Structure formats: structure tokens, C-alpha cells
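Worksheet: one structure, shown below.
The values are calculated or read from the model by the stated rules, or taken from the named source; none is laboratory data. Keep in mind it's a predicted model, so treat the numbers as computed, not measured. Backbone-built Cβ (ideal geometry, glycine too); neighbour counts: all protein chains shown.
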Amino acid sequence: MTPSAYGGFRSETSSGTCMWTTKNVKPPHKASDFSIPPLRWWWFMLPIVVLAFVRDLWASDEPRYGEVAREVYEGGSFLVMHLCGAVYPDKPPLLFWLSGLGGWLTGWSEWGLRAPSLIATAITAWLVAVLARRWWGEIEARWAPVLFLTFAMVTKIGGRLQIDPLLMVLCVGALVVGTAPTTDPRVRTRGLLAAGLLVGFGALTKGPVALVNVGLVALAWRIFVPDNEERQPVARWVWPAAAVLAIGPVLVWALSAAVVEPKLLEALFFDQHVGRITKADRHPGPFWKYVVKLPVLLLPWSLMVWVGLTASWKQWRNRTSQKFDRGLVRAALWLGVLVLFYSLIPPKRDLYLLSAYPAAALLAARALAHRTREGRLERWLGFGTAVALALMGVALSGVSFFVDQVDGLWWRGPVIGMPLVAAACGAVWATIHARPGVWARSVVTGWLLFSVALGLFIVPALDPLKSSRGLAEELAARPENPTEIPCLGRVKPGGFRFYGRIPTVPADELFSHLERDGKDFLGLANVKSWEGLSADQRSAFRVAAERTVGGKNFVILVAAED
């Protein structure tokens, strides 16, 4: 047994790998003393799974990604992606290959398309537990994946048809295997090569951003909190081989796709990464956006993450101490460098930072475990979280007074709001009595019940309002038989094509389609774009119906009668 670089003790196995226990800490408590979560971490996947099963593809990006994945398998084009029949250059293919496989095997069900995201989120939670156990001990390993899965952002995104959950698991996996402490050069070699391959698959998922998510974090660790065991010498060929594995998969695909479709060359090698940053015309946001939004997206553990961050700063200032907690500082650097990088570049979306949420979970888990061991809980922390939960619960319980589009909201609101109010009450009691384990269990149980109720009672009620399925089926049932259905203005044709199997396409004008299809013309237009046409232009068409989807108003257009 030797001192650990992460603030604990290390015991080595014969293979050179390491197991970790904590330093100056009592043995892990039994479940009966409330120092660990009430359930194993996989139970907290339940809200994410429910949300993946109960709703159509109407969240941001989902209709488009679902249609791209479907066209991969039904069109047989695995190198060049297509959306509504046109070349789709925006993203590499790995998500579409995997989601398309899930959809193809399940009759293009929504949950089949979302299966890769669900699996990726679950594996990420397990990897978070692996890191927490490596750096600290069992209590942190039990709490870290639970906190990760109950972050508002992870609950929201973890089961969606999105690129970022898949990117996240590959990046986190690369950090876990690439920095595994060992004294065996063979184990170190295998870890570096595996890390390179995982980064390569990450680049095949979302391009060079995978190199950023892993490379920046690994570099920060190497500069500020190095570990001598991670400098275990390896053969000269290992690092070049890892680099080839990191860039090889996406490079081979991009070159192959450009050979098949030459106009992809500029898009894949410039426009979709460097071009997005230099042009700053897609998803622009201010520098401070993430600093403002993260406290909300990290609910209900925002304050605990902050406690972990402040503790990491204290550890850094005392980094020469034998009790230096390297793992805590590494988690803070992980979160910090990614927040800084994504704040500096012009495009900003909440999901860009998804790969930093495991770090936030580790910070919060370390801070929480420390308090459960010491049997203390700061009142500002306990009461602050309770107030946030109570305000959310009361607001959701009374939401029917402000929103009237959803049927039965008068009872649905209290069903999702009351678990949060109950959690707040439990948190208040635990704070008064300085019972941090009870406090955390109250918060996590209330959040779990709230999230499940949200998926069962609110989200399905939103489907008729948000999903393009109804309008797509209506268009498919019409008597017109057009070659294409032009979608004018702010209309995203992917969802209509996916649900109606109809030839919707984006369009800047309608007249070429009218001239070609004549009486079989059928079009869809955003109301503002339709009203922006002149009276003479509109006279060539007739409004067959007006519909609303996702809060946007559309008109169904047919050829005017003679």
C-alpha cells in the first residue's frame, strides 16, 4: 500500500493496474446511515429512458437527424449523408450509422433511433463512477453517476437523438483509459492506443471538437497536475500510432466521401469547423452565456458544484501538501478549460458543453461525500437548494394559470411539482439537523420522481402541439401527387418527410414547382413568408388549410383554381 497522487492510498495488482482507497477517511458507510444514494445509479436512467420512449422527434435537431439516419439505410448511401434527397454536409456519419441501425431494426421507432444516446449516457455514468473510485473512494463512486444523471441538462439531452451524448462517452472514455495510472509499460501502451481510437471515433461523430474535448483537458492535467505514473515510458511508435488512430477514421471517411461527392471537399475540410468559428453566423452568443446558464442546467446540484470548485482552488493553493487532492483539481480543470474554450468561440449552444458535465458531477460528488463523512452541511447550501426546488415545484404546480394549450394541465402541474416541494421540505429538515446524507437523498429522490412524472404526464401531452407527425400525415393523405413539396420560409422539411414519407424539400420560391406539377402542386409555407409575397404572387395559389406546429403557423398551398 503506497500513498496515492489523488489524495488516497493505492494498492497495485500484479498487472500494474491500480485500485484506490481513500486517505484519512472512515471505511464506506453502510446504506442504512444515508451516506450513499437510495438506489444504484442505473435507476436514475429511468427518466431519460421514459423521455426517449414517450415523445415524437420534435426536439431541436431530432427530426433532421432522424431523416438523415433513415435516408442512410433506405438510400444505401453510407459515405455521403443526405437530407430530403440533398447532400447533407453538416456532420460526420457515426451517429447516423448507429441511430439508423437502431431505427431500421425497430421499424423506424423513435426509441430505436435514440438508443445510441441512451447507451452512451449510461456508459458515461459508469465511467464517471470509475473515475470517482480511482481518484477517491466508494462513497464518491456511488454518488458521482447519480449526480451526473440528475443534472437538468443530462436528463434533458441524455436520451435525445443528438450527436453530443455519443461524443461525450467517447471523449470521457478516452480520458479514462488514456490516464489510467499504471507502472506497466504494456498497460500504458494499450491505454494510449485505446484513447487514440476513442478520440478517432469521437471525430467521426462530430469532427475536430473531439480533439478539443480530450486534448485540452489532457494538456491541462499534464501542465498543472501531472502524475508521474502517467509518464510511464512507452515505445517511440506509440504516440504517433495514437495520433493516427485519433485522426485516421474521420480523415479516411472525409476523403472517401469527397471522392464520391467532390463538392463535399470544402464543406468537410473547412466550412463545418473552422468556417463556423470564423464566420460566427450559426448559433452566436455572448462570451458570458455559459456562466449565466450553467447554474440552471446544473440543477439541482448547482451549489454543490460550486462548493467543489471552491474546494479545488484551495487544494491547488496547497498543492505541495501531502494531502493534495489531485483528482478534485483535475475535475475543476476539466470543467474550466471546456467552459473557457466554448465561451471564447462565437457559436454557442447548451449541448456543446455536455462533455464537461461528468467533471461537474465529480466535483459535486467529492464535496458531498466530504460532508457526509464529516456530518456537516452549510446552511446556505442546504437552504439554497431547498428554496430552488420549492420555487420550481410551486411554479410548476400553478402553471395551468398561465398556460392553457395543454389539456388537463390543472392536474398535471401539481403531479410534477409536488415531488419538488416534498424534496424541499426534506432538504430543510436535513439542513436544520445537519444530516447531509438525508439532505442529498431527499433532493435526488424528489428530482427522480419529478423527472419521471414530467416524462409520463407532461411530455406526451405536448406531442400533438410539437410534433410534425399530424401535419405530415395530413399532407400525405391529400389527393395531389406532386414531384416535390416545397417548404417556403422557416419550415424544416425533415420531420414532415420522416413521418409522412412525402417529398418535402426546402425552397426559396414556389413558382418553378407550380409550373412543373400544375394541378398536382402541393406546398407548405410559414405564414410570415406567405404573407411576405405580393398579392399577384399569392393569386397563383390557394390556401387549403392553416395549421400550427410547435407554436409556428403554416399554410398548406395548392394551385389556384382557374
(Q) Quick check on the range 198-215: of everything there that is closer than 17 Å to Ala241 by Cα and touching a Pro at 6+ places or on another chain (Cβ under 8 Å), which residue is surrounded by the fewest Cβ atoms within 10 Å (Cβ to Cβ)? (A) Phe201
(Q) Show the residue pairs meeting these rules: Cβ distance below 9 Å; 6+ apart or different chains; first residue within the range 117-138 and in contact (Cβ under 8 Å) with a residue 24 or more places away in the chain and not assigned by TED's automatic domain parsing to the domain that holds Phe324; second residue surrounded by fewer than 20 Cβ atoms within 10 Å (Cβ to Cβ) and among the acidic types (Asp, Glu). (A) none
Q) Among helices (runs of 4 or more DSSP H) lying entirely in the range 99-211, which contain 2 or more residues that are hydroxyl-bearing (Ser, Thr, Tyr) and touching a helix residue (DSSP H, G or I) at 6+ places or on another chain (Cβ under 6 Å)? A) 110-135, 185-206
Q | Those residues of the range 500-529 which are in contact with a Pro (Cβ under 7 Å, 6 or more places away or on another chain) and acidic (Asp, Glu), in sequence order | A | Asp517, Asp520
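Of these, Phe324, Phe341, which one is within 19 Å of the chain's Cα centre (by Cα) and either in contact (Cβ under 8 Å) with a residue 24 or more places away in the chain or not assigned by TED's automatic domain parsing to the domain that holds Leu149 (or both)? Quick ask: steps written out before the conclusion?
Numbers: Phe324 fails: within 19 Å of the chain's Cα centre (by Cα).
Of Phe324, Phe341, the one residue that is within 19 Å of the chain's Cα centre (by Cα) and either in contact (Cβ under 8 Å) with a residue 24 or more places away in the chain or not assigned by TED's automatic domain parsing to the domain that holds Leu149 (or both) is Phe341.
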Q.
Can you find, within the range 373-391, the residue that is nearest to Pro414 (Cα to Cα) among those that are buried (at least 24 other Cβ atoms within 10 Å of the Cβ) and either in the same structural domain as Ala125 (by TED's automatic domain parsing) or touching a residue at least 60 places away in the same chain (Cβ under 8 Å) (or both)?
A. Leu389
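This table checks each residue for (1) buried (at least 18 other Cβ atoms within 10 Å of the Cβ); (2) closer than 21 Å to Gly200 by Cβ.
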| residue | (1), (2) |
| --- | --- |
| Ile223 | no, no |
| Pro226 | no, no |
| Gln232 | yes, no |
| Pro240 | no, yes |
| Ala254 | yes, yes |
| Val259 | no, yes |
| Lys263 | no, no |
Q | Residue count for the range 322-337, restricted to those that are over 20 Å from Ala220 (Cα atoms) and not basic (Lys, Arg) | A | 1
**Q.** Search result, residues across the range 355-386 that are at pLDDT below 95 and of a type in the set (Gly, Ala, Ser)
**A.** Gly375
Q: Only residues in the range 399-418 that are assigned by TED's automatic domain parsing to the domain that holds Gly455 count as the first member; pair them with residues that are aromatic (Phe, Trp, Tyr) and surrounded by fewer than 17 Cβ atoms within 10 Å (Cβ to Cβ), Cβ under 7 angstrom, at least 6 apart or cross-chain, and list the lot.
A: Ser400/Trp410
**Q.** Filtered residues of the range 85-116 (kept if touching a strand residue (DSSP E or B) at 6+ places or on another chain (Cβ under 9 Å) and not aromatic (Phe, Trp, Tyr))
**A.** Gly85, Ala86, Asp90
(Q) Looking at (1) part of a helix (DSSP H, G or I); (2) more than 30 Å from the chain's Cα centre (by Cα); (3) charged (D, E, K, R), which one does Glu509 not meet, given that it meets all the others? (A) (1)
Q: Take the range 51-64 and flag every residue that is within 21 Å of Asp350 (Cβ to Cβ) and either acidic (Asp, Glu) or surrounded by fewer than 22 Cβ atoms within 10 Å (Cβ to Cβ) (or both).
A: Trp58, Ala59, Ser60, Asp61, Glu62
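Of all residues in the range 528-537, how many are surrounded by 13 or more Cβ atoms within 10 Å (Cβ to Cβ) and more than 20 Å from Arg478 (Cβ to Cβ)? Full working, then the answer.
Step one: list which residues in the range 528-537 are surrounded by 13 or more Cβ atoms within 10 Å (Cβ to Cβ), which gives 529-530, 532-533, 537.
Then drop every residue that is not more than 20 Å from Arg478 (Cβ to Cβ), which leaves 529, 532-533, 537.
Residues flagged as surrounded by 13 or more Cβ atoms within 10 Å (Cβ to Cβ) and more than 20 Å from Arg478 (Cβ to Cβ) within the range 528-537 amount to 4.
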Q.
Just to be sure before I move on: is Gly107 modelled with pLDDT of 95 or more and more than 23 Å from the chain's Cα centre (by Cα) in the structure I sent?
A. yes
(Q) Among the residues that make up the range 532-541, is at least one of them of a type in the set (S, T, N, Q), touching a Lys or Arg at 6+ places or on another chain (Cβ under 6 Å) and outside the structural domain of Glu74 (by TED's automatic domain parsing)? (A) no
Q) Would it be correct to say that Glu480 is outside the structural domain of Asp407 (by TED's automatic domain parsing) and outside any helix (DSSP H, G or I)? A) yes
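Residue-by-condition table, conditions (1) within 17 Å of Ala365 (Cβ to Cβ); (2) out of contact with any Ser or Thr (no Cβ under 7 Å at 6 or more places or on another chain); (3) among the basic types (Lys, Arg):
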position: Thr124; (1), (2), (3): yes, yes, no
position: Val128; (1), (2), (3): yes, yes, no
position: Leu131; (1), (2), (3): yes, yes, no
position: Arg134; (1), (2), (3): yes, yes, yes
position: Arg142; (1), (2), (3): yes, yes, yes
position: Ile157; (1), (2), (3): no, yes, no
position: Leu161; (1), (2), (3): no, no, no
position: Pro165; (1), (2), (3): no, no, no
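State all residues of the range 499-524 that are among the aliphatic types (A, V, I, L, M) and farther than 22 Å from Gly66 by Cα; if no residue qualifies, say none.
Looking only at the range 499-524, we keep the residues that are among the aliphatic types (A, V, I, L, M), and these are 502, 505, 507, 510, 514, 522, 524.
If the condition is that a residue be among the aliphatic types (A, V, I, L, M) and farther than 22 Å from Gly66 by Cα, then Leu510, Leu514, Leu522 are the ones that fit.
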Q.
Looking at the range 488-498, can you tell me whether even one residue there is out of contact with any Lys or Arg (no Cβ under 7 Å at 6 or more places or on another chain), surrounded by fewer than 18 Cβ atoms within 10 Å (Cβ to Cβ), modelled with pLDDT of 95 or more and more than 30 Å from Ile36 (Cβ to Cβ)?
A. no
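Name every residue in the range 116-165 that is of a type in the set (Gly, Ala, Ser) and under 19 Å from Trp43 (Cβ atoms), in order of residue number. Give the steps one after another, and end with the answer.
So in the range 116-165, the residues of a type in the set (Gly, Ala, Ser) come out as 117, 120, 122, 125, 129, 132, 137, 141, 144, 152, 158-159.
Residues satisfying the conditions are Ser117, Ala120, Ala122, Ala125, Ala129, Ala132, Ala141, Ala144, Ala152, Gly158, Gly159.
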Q | Selected residue [over 20 Å from Ala86 (Cα atoms) and either hydroxyl-bearing (Ser, Thr, Tyr) or in a strand (DSSP E or B) (or both)] from Glu515, Glu546 | A | Glu546
Q) Among (1) touching a Pro at 6+ places or on another chain (Cβ under 8 Å); (2) within 19 Å of Pro295 (Cα to Cα); (3) not assigned by TED's automatic domain parsing to the domain that holds Leu175, where does Ala361 come up short? A) (3)
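Please state which one of Ala235, Ala241 is in contact (Cβ under 8 Å) with a residue 12 or more places away in the chain and within 24 Å of Val169 (Cβ to Cβ).
Working: Ala235 fails: within 24 Å of Val169 (Cβ to Cβ).
Just one listed residue meets the conditions, Ala241.
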